[in-house]
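> So that we are looking at the same thing, I have put the structure below in structure tokens.
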Amino acid sequence: MIHIEKLNKSFGDLHVLKNIDFDVNKKEVVVLIGASGSGKSTLLRCLNFLEVKDDGIITIDGREIDPKKDNLNGVRQKVGMVFQHFHLFPHKTVLQNVMEAQTYVKKLSKEEAGKEGKALLEKVGLQDKADVYPNQLSGGQKQRVAIARSLAMKPEIMLFDEPTSALDPELVGEVLSTMKELANEGMTMVVVTHEMGFAREVADRVVYMHDGKIVETGKPKDIFDSPKEERTKAFLSSIL
Ligand code: ADP
Ligand code: MG
């Protein structure tokens, strides 16, 4: 589903992604871990073309994407992204937030978009919040709306960049269960998170990044219980 070869990205003199090779299979859930500043967000943003790579190959669903030539809005429909901060429209209701993309991008009628929007809200357990405004929601509820809104584009891949890091601890679980359901339904997912319980339970593979490089990758059990690289060991002992 995703194939990356020798991806490089710098910001000025700062070489952030260094020759990254990275593949994700259809329906696979990959959890990306690593210290702050190691390049995790930049990697996700390159995958969603919010950042333009310097060089290397990015193939999505069998098609190599050239950010300079391709219609990136078309590509972004295939690759949904959920951020740490929810970026909901404050002056739109929950349902309008979810419908936005469907009416503007997918050109669905209001009626169709409303129907699909409600189904998506039901999926994330917020059908009773359709008509309230984001400021009436808890952080966990806001993030579930953001997930529903992203799903409205019918993406084939979902990227999550620390989706629970801004939440109070008691609200983390509801967002993780929504993500887990999505994984069980066969969504292809790349998740940056510090929630190691989620990684153990849901990830097919864990990828550890350090200083712009992928240092180690493996099944959650192998990475967490018997990491091979010293760097990985040091990182895990710093967070667990
Ligand atoms: P992570 O998500 O693993 O914490 P990031 O990908 O956000 O890491 O950042 C990697 C490095 O790139 C950091 O040193 C960060 O300061 C730098 N960086 C990220 N985005 C930009 C940007 N738009 N301009 C300049 N430097 C950036
Ligand atoms: Mg980040």
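The values are calculated or read from the model by the stated rules, or taken from the named source; none is laboratory data. Here the structure is a predicted model, which is why all the values come from computation and not from measurement. Here the Cβ positions follow ideal geometry from the backbone for every residue, glycine too, while neighbour counts run over all protein chains shown.
> Given 120, 137, which one is more than 30 Å from residue 238 (Cβ to Cβ) and surrounded by fewer than 19 Cβ atoms within 10 Å (Cβ to Cβ)?
Of 120, 137, the one residue that is more than 30 Å from residue 238 (Cβ to Cβ) and surrounded by fewer than 19 Cβ atoms within 10 Å (Cβ to Cβ) is 137.
> Checking residue 233 against (1) in contact with a helix residue (DSSP H, G or I) (Cβ under 8 Å, 6 or more places away or on another chain); (2) within 18 Å of residue 35 (Cβ to Cβ); (3) more than 16 Å from ligand 1 (Cβ to nearest atom), which single condition isn't satisfied?
(1)
> Let me ask something additional. Residues that are more than 24 Å from residue 23 (Cβ to Cβ) and touching a Pro at 6+ places or on another chain (Cβ under 7 Å): list the helices (runs of 4 or more DSSP H) wholly contained in the range 170-240 that include at least 1 such residues.
Where helices (runs of 4 or more DSSP H) fall fully within the range 170-240 and carry at least 1 residues being more than 24 Å from residue 23 (Cβ to Cβ) and touching a Pro at 6+ places or on another chain (Cβ under 7 Å), they are 230-239.
> I'd like the residue in the range 119-164 that is outside any loop (DSSP other than H, G, I, E, B) and among the acidic types (Asp, Glu) and, out of all such residues, is farthest from residue 100 (Cα to Cα).
The qualifying residue farthest from residue 100 (Cα to Cα) is 161.
> State all residues of the range 19-58 that are over 17 Å from the mean Cα position of the chain (by Cα) and more than 16 Å from ligand 1 (Cβ to nearest atom); if no residue qualifies, say none.
Answer for the range 19-58, where residues must be over 17 Å from the mean Cα position of the chain (by Cα) and more than 16 Å from ligand 1 (Cβ to nearest atom): 21, 55, 57.
> With 201, 181, 230 as the choices, which residue is surrounded by fewer than 18 Cβ atoms within 10 Å (Cβ to Cβ) and more than 19 Å from the chain's Cα centre (by Cα)?
230
> Would you mention how many residues in the range 1-52 are modelled with pLDDT under 95 and more than 16 Å from ligand 2 (Cβ to nearest atom)?
Of the residues in that region, 2 qualify.
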